[in-house]
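Trainee: This is the structure, below, for whatever I ask next.
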Amino acid sequence: KAGVTQTPRYLIKTRGQQVTLSCSPISGHRSVSWYQQTPGQGLQFLFEYFSETQRNKGNFPGRFSGRQFSNSRSEMNVSTLELGDSALYLCASRVLGAVTDTQYFGPGTRLTVL
Amino acid sequence: AQSVTQLDSQVPVFEEAPVELRCNYSSSVSVYLFWYVQYPNQGLQLLLKYLSGSTLVESINGFEAEFNKSQTSFHLRKPSVHISDTAEYFCAVSGGTGGGNKLTFGTGTQLKVEL
């Protein structure tokens, strides 16, 4: 099976712009989670989607949003970009989203905000 | 809220030497514990996990971790490291009070294996 894929892999934006990142989960996986990784804050949970519904949300401002499509693919959007949004954004998928399900991570999208 | 502490930010070790990466978690209820590894410019790969049962869990590449409930620890060990083990290692927890089914990560330990 193909792994989790994320596009694009690298992105450069300027402050104030908005950005959309895409994640395709492993075939058959219905849960998709998003994490932000920065040197200062480490790995932080953004949100999780299951069957097109947001099931869980981390402590991020409303500028961060996401959605999931019927084929389980997910997108996350960040509006009004700030310098501090520069990070590696990781997507992870799992079969049903149960707490014991293994999360499989994609390679990430590295976002640089200038 | 639950949390994970990885006390060592960097661990240098010579090839073929043993290594231990420490992980402590805080939770008063049952949790599930994971170790992930991240190689440069890559995502996270699951190394091993503890869900229940035997407190000693092993990975296919020689790593093992022991769940110790009384000490709330889940240290990662390898008896003999290889240069290819150089990477960043993250301990994570899910479940527990306020944790739900998301992963809460530690700050990571950079393992550097030297010749």
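Trainee: Binned at 10 Å from 0, what are the whole-percent values of the Cα-Cα distance distribution for chain B, short to long?
Mentor: In order of increasing distance, the bins hold 15, 49, 29, 6, 0 percent.
Trainee: What residue among A:Pro39, A:Val4, A:Cys91 has its Cα farthest toward the positive end of the dipole of chain A, where the charges are +1 on Lys, Arg and -1 on Asp, Glu, each on the Cβ?
Mentor: A:Val4
Trainee: Moving on to the next point. Treating only the Cβ atoms of Lys and Arg (+1) and Asp and Glu (-1) as charged, compute the dipole magnitude of segment B:1-87 about its Cα centre; round to the nearest 20 debye.
Mentor: Computed charge dipole of segment B:1-87: roughly 320 debye.
Trainee: While we're here: Per-residue HN-Hα couplings for segment A:32-40, Karplus 6.51 cos²θ - 1.76 cosθ + 1.60 at θ = phi - 60°, whole Hz, x for Gly and Pro?
Mentor: Residue by residue, segment A:32-40 yields 10, 10, 10, 10, 10, 10, 10, x, x Hz.
Trainee: Can you give the FRET efficiency to the nearest 0.05 for B:Ser80 and A:Thr100, using r as the Cβ-Cβ distance and R₀ = 25 Å?
Mentor: Rounded to the nearest 0.05, the efficiency is 0.20.
Trainee: If I model a spin label at A:Gln18 and A:Glu52 as a point 7 Å from the Cα along the Cα→Cβ vector, what separation in nanometres do I get?
Mentor: 2.1
Trainee: What is the mean number of Cβ atoms from other protein chains located within 10 Å of the Cβ atom of each residue in peptide A:99-107, rounded to a whole number?
Mentor: Mean shielding by partner chains, rounded to a whole number: 6.
Trainee: How long is the protein assembly as shown along each principal axis, judged by its Cα atoms, biggest number first, in Å?
Mentor: Projected onto its principal axes, the Cα set of the protein assembly as shown covers 48, 38, 35 Å.
Trainee: What average number of partner chain Cβ atoms lie no more than 10 Å from the Cβ of the residues making up A:56-62?
Mentor: 1
Trainee: Along the three principal axes, how long is chain A when you take its alpha carbons, biggest first, rounded to the nearest angstrom?
Mentor: 37, 26, 26
Trainee: I'd like the Karplus ³J(HN,Hα) series for segment B:76-92: coefficients 6.51, -1.76, 1.60, θ = phi - 60°, whole numbers in Hz, and an x wherever there's a Gly or Pro.
Mentor: Here the 3J(HN,Hα) series is 9, 9, 8, x, 8, 8, 10, 3, 6, 7, 4, 4, 9, 10, 10, 8, 9 Hz.
Trainee: Separate question: Please figure out what share of the DSSP beta bridges in chain B is antiparallel and state it in percent, rounded to the nearest 5.
Mentor: In chain B, approximately 85 percent of DSSP beta bridges are antiparallel ones.
Trainee: Now for a separate question. For the protein assembly as shown, what is the percent of antiparallel DSSP beta bridges, rounded to the nearest 5?
Mentor: So the antiparallel bridges amount to about 90 percent of the total.
No value in this document is a laboratory result; all are computed from the given coordinates. Everything numeric in this text was worked out from a predicted model, so none of it was measured. When we count neighbours, we look across all protein chains shown, and the Cβ atoms used for this are built from the backbone with ideal geometry, even at glycine.
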